[in-house]
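Only one structure is covered here, and it is reproduced in the block below.
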Amino acid sequence: MSSSQFSSESGQYDDTEIVTIYDEEGRSLSCYVENEIEYDGKAYVLLMPIDLAIVILTEEINDDEDEEYEETVMVEDSDEIEAIFDDAKAVLGELNLYLKRTGFILTAHGELPPLEENNIISLEIEEHASEIEPEELQFLASFYSFEQKYNICTPLTPILFVGERKSFGKIEIFQSEEEELSFILEELLFDEDYDDN
């Protein structure tokens, strides 16, 4: 199972454990420990970021044989995110949301505006070649940068991470979709003790 290992720091908030994990570039992400299980002699944790997950969308022109069409895509390239970050931060600031360049994902601190039906975006995300899953997002704001339009959204479904507790306070975050990870995630989500955590 492919994974990446990161340091973590632990704390407590209203009886909910908080850990801070770091990506390969040293950026931090603070998460609540939503659940923990023992499986095959190892301790696995379900983590949810404390702050709002932020997704930036844009349109790309794709060529399909003789036809050109626009496709909505998530901005994931690190250089592109760096280039538009200040513009995105300024636009969200007008909504009293503070955009942060955190590990793994972009996040924002603050209170979301009320959810309205016309602000829900349904996006098809291609996870695997044979599987396309729709993702519902709440539209927050749009802006132009380098003559390109970008939309800032937050997922309506929480972003979750699965990690394994290691020695010396380290948590190994899994970044694959192998069968074993799917089983562990299912156990973490539906464990009978989950509602008590």
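The values are calculated or read from the model by the stated rules, or taken from the named source; none is laboratory data. Predicted, not measured: the structure shown is a model, and the values here were computed from it. As a convention, Cβ positions derive from the backbone with ideal geometry for all residues, glycine included, and neighbour counts pool all protein chains shown.
Numerical summary
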{"item": "Hits in the stretch 92-121 (condition: within 12 Å of the chain's Cα centre (by Cα) and not in a loop (DSSP other than H, G, I, E, B))", "result": "LEU106, THR107, ALA108"}
{"item": "Subset of the stretch 179-197 [surrounded by 12 or more Cβ atoms within 10 Å (Cβ to Cβ) and modelled with pLDDT under 75]", "result": "GLU180, LEU181, ASP191, TYR194, ASN197"}
{"item": "Odd one out for ILE37 among (1) of a type in the set (Val, Ile, Thr); (2) closer than 30 Å to GLU111 by Cβ; (3) in contact (Cβ under 8 Å) with a residue 60 or more places away in the chain", "result": "(2)"}
{"item": "Filtered residues of the stretch 37-57 (kept if touching a Lys or Arg at 6+ places or on another chain (Cβ under 8 Å) and modelled with pLDDT under 95)", "result": "LYS42, ALA43, TYR44, VAL45"}
